[in-house]
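The values are calculated or read from the model by the stated rules, or taken from the named source; none is laboratory data. These numbers were taken from a predicted model, which means no experiment stands behind them. Here the Cβ positions follow ideal geometry from the backbone for every residue, glycine too, while neighbour counts run over all protein chains shown.
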Protein chains: 4
Amino acid sequence: MGNQPTSSQTACFEAGIKFGSLYHQFAGTPVSPESAESLECAIEESIENQPHCQAVGVDIDTDALADVLAESTASYTELTGQFLDVEIDIEYESQTVHAEMHLEDGYPMMRITSVEEHCES
Amino acid sequence: MGNQPTSSQTACFEAGIKFGSLYHQFAGTPVSPESAESLECAIEESIENQPHCQAVGVDIDTDALADVLAESTASYTELTGQFLDVEIDIEYESQTVHAEMHLEDGYPMMRITSVEEHCES
Amino acid sequence: MGNQPTSSQTACFEAGIKFGSLYHQFAGTPVSPESAESLECAIEESIENQPHCQAVGVDIDTDALADVLAESTASYTELTGQFLDVEIDIEYESQTVHAEMHLEDGYPMMRITSVEEHCES
Amino acid sequence: MGNQPTSSQTACFEAGIKFGSLYHQFAGTPVSPESAESLECAIEESIENQPHCQAVGVDIDTDALADVLAESTASYTELTGQFLDVEIDIEYESQTVHAEMHLEDGYPMMRITSVEEHCES
């Protein structure tokens, strides 16, 4: 029948929810080098609203945006994983999880980089 | 077989594209009174990237957000038309279109309020 | 001050709303050649719910999907305009508008192809 | 510095990704009792494309849709957690995770219900 999740497993589940939410809410947003900063800020603040989410850091790669636009007649493109680096910190009960998203072989790979027990405040 | 669209009809089509894009890109975004301003800014700047879009004004009703949250155990909710007022100006060839979105009877109603020919610069 | 929109201008606005909605609701959806058909069906039926929308036809290019996946280690990709052909028919008052979306120079171009007055039933 | 994730923690992270993806990709989709079934099917097949995702079951509550529409002049509404029940099975290395989403106190609560080690095939 399986076991109920431990605190650290639930913390990892919560981290995953935030990554999936972030990616699929904002993928497809029209973006240009000029509008990237306001979008970074909105993504960070919106996902930080979600439960157990301590901090979100979003970097949209404006050099990569400029490279894509240099080969296009358009002045903007759509946000995809190609342009996104993300770091998220989750705290759930006594557990802290740090996870990141980076492009790997053209795929926006999401990974947990650290699971740690902390002293509960 | 029907006619090709006139400039004013295409301008109205472009206005519709922007409203549909804005609504369905950002509906569902986690939002709180504290994060509303960064989201307004990102929505405006992202949609202004789209062709023929002169200006976008977005107002998220933080009072309405606070009212919803006062009746909830959650500290945030999801962006829906219930919280959104939008104005968009389109210029296409010699035509200027102004359109707005407001809540009417619980439905986020999108309307063209003005179609005008201007002197082309 | 500009003029109130005519029926044909409003019909074109409504067509634009449907295209913007369709694109920004479903762009980013995980898709493979095997899952393309159910997604086509869901997109058509969901957008046909919207007001004044008589018919929606969606074609996801499974050959193009297969080509992209052949160069990747992944078994799916994200829905973008690169894979989408769409036709929409709008009826508003006495006006019928037909509009289409196809890829042009790498950009998912949305165009009105016909505006026609019909006998109201 | 924290630890690298275990297989079971990564399996839980993967489960979270699928729930966040599913919810934020499809929230806001126009839906009616008549179009619910095609949307259920598309959601299931699209998310099953994602890595380590063995099975997805989606149930859209058409009775709840009908109740909302009975109090409205509209013939459709937008998909939200209010109408959604979801079950997802993840297999990652030797771990199987089962997770569910149901409405609890008005909030679409996502929970892991079982973590289990299986014999690797």
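Just one of the listed residues (C:Thr73, C:Thr62, C:Thr29) is in contact with a Leu (Cβ under 6 Å, 6 or more places away or on another chain) and either loosely packed, with under 15 Cβ neighbours inside 10 Å or of a type in the set (Ser, Thr, Tyr) (or both), and it is C:Thr29.
In segment B:56-67, the residues that are without any contact (Cβ under 8 Å) to a residue 24 or more places away in the chain form Cβ pairs under 6 Å with partners that are in a helix (DSSP H, G or I) and surrounded by 13 or more Cβ atoms within 10 Å (Cβ to Cβ), at six or more places apart or across chains, as follows: B:Ala64/B:Phe83.
Selection of first residues in segment C:105-121 that are farther than 21 Å from C:Glu91 by Cα and of second residues that are aromatic (Phe, Trp, Tyr) and modelled with pLDDT of 95 or more, restricted to Cβ pairs under 8 Å at least 6 apart or on distinct chains, gives the following pairs, ordered by first then second residue: C:Pro108/C:Tyr23. C:Glu100 fulfils the conditions (1) among the acidic types (Asp, Glu); (2) in contact (Cβ under 8 Å) with a residue 40 or more places away in the chain; (3) closer than 28 Å to B:Thr6 by Cα except for a single criterion, (2).
Of all residues in segment C:28-37, none are within 15 Å of C:Asp85 (Cβ to Cβ) and either among the polar types (S, T, N, Q) or within 12 Å of chain B (Cβ to nearest Cβ) (or both). Here the strands (runs of 3 or more DSSP E) wholly within segment A:15-121 that include at least 2 residues being touching a His at 6+ places or on another chain (Cβ under 6 Å) and among the polar types (S, T, N, Q) are A:107-117.
Evaluate the following for A:Gly16: is it among the small types (Gly, Ala, Ser), in contact (Cβ under 8 Å) with a residue 12 or more places away in the chain, more than 8 Å from every other protein chain (Cβ to nearest Cβ) and crowded, with 20+ Cβ neighbours inside 10 Å? No, not satisfied.
So which residues in segment C:94-108 are surrounded by 16 or more Cβ atoms within 10 Å (Cβ to Cβ) and under 20 Å from B:Cys12 (Cα atoms), if there are any at all?
Restricting attention to segment C:94-108, the residues satisfying the condition of being surrounded by 16 or more Cβ atoms within 10 Å (Cβ to Cβ) are C:95-101, C:103, C:108.
Selection gives C:Gln95, C:Thr96, C:Val97, C:His98, C:Ala99, C:Glu100, C:Met101, C:Pro108.
Listed here are the residues, each with its yes/no results for (1) over 30 Å from D:Pro108 (Cβ atoms); (2) within 14 Å of chain D (Cβ to nearest Cβ).
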site: A:Ile47; (1), (2): no, yes
site: A:Cys53; (1), (2): no, yes
site: A:Val58; (1), (2): no, no
site: A:Ala64; (1), (2): yes, no
site: A:Ser72; (1), (2): yes, no
site: A:Glu87; (1), (2): no, yes
site: A:Glu91; (1), (2): no, yes
site: A:Gln95; (1), (2): no, yes
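Only one residue in D:Ile43, D:Ile88 is surrounded by 24 or more Cβ atoms within 10 Å (Cβ to Cβ), more than 19 Å from D:Ser114 (Cβ to Cβ) and of a type in the set (A, V, I, L, M). Which one?
Values: D:Ile88 fails: more than 19 Å from D:Ser114 (Cβ to Cβ).
The unique qualifying residue is D:Ile43.
Among what's in segment D:1-13 and is in contact (Cβ under 8 Å) with a residue 60 or more places away in the chain and more than 7 Å from chain A (Cβ to nearest Cβ), pick the residue that is farthest from B:Gly28 (Cα to Cα). So that I can check it myself, show each step before the final result.
First, the residues of segment D:1-13 that are in contact (Cβ under 8 Å) with a residue 60 or more places away in the chain: D:7-8, D:10-12.
The next check asks that each one be more than 7 Å from chain A (Cβ to nearest Cβ); those that pass are D:7, D:11.
Details: D:Ser7: 31, D:Ala11: 26 Å.
Only one residue fits best here, namely D:Ser7.
When B:Glu37, B:Glu48 are checked against the criterion of being more than 18 Å from A:Glu45 (Cα to Cα), out of contact with any Gly (no Cβ under 6 Å at 6 or more places or on another chain) and of a type outside the set (Ser, Thr, Tyr), a single residue qualifies: B:Glu48. If only residues of segment B:46-61 that are of a type in the set (D, E, K, R) and touching a strand residue (DSSP E or B) at 6+ places or on another chain (Cβ under 6 Å) are counted, the one that is farthest from B:Gly20 (Cα to Cα) is B:Asp59. Could you grab me the full set of residues in segment B:69-102 that are in contact with a Gly (Cβ under 6 Å, 6 or more places away or on another chain) and either closer than 14 Å to B:Gln54 by Cα or at pLDDT below 95 (or both)? Residue satisfying the conditions is B:Glu87 alone.
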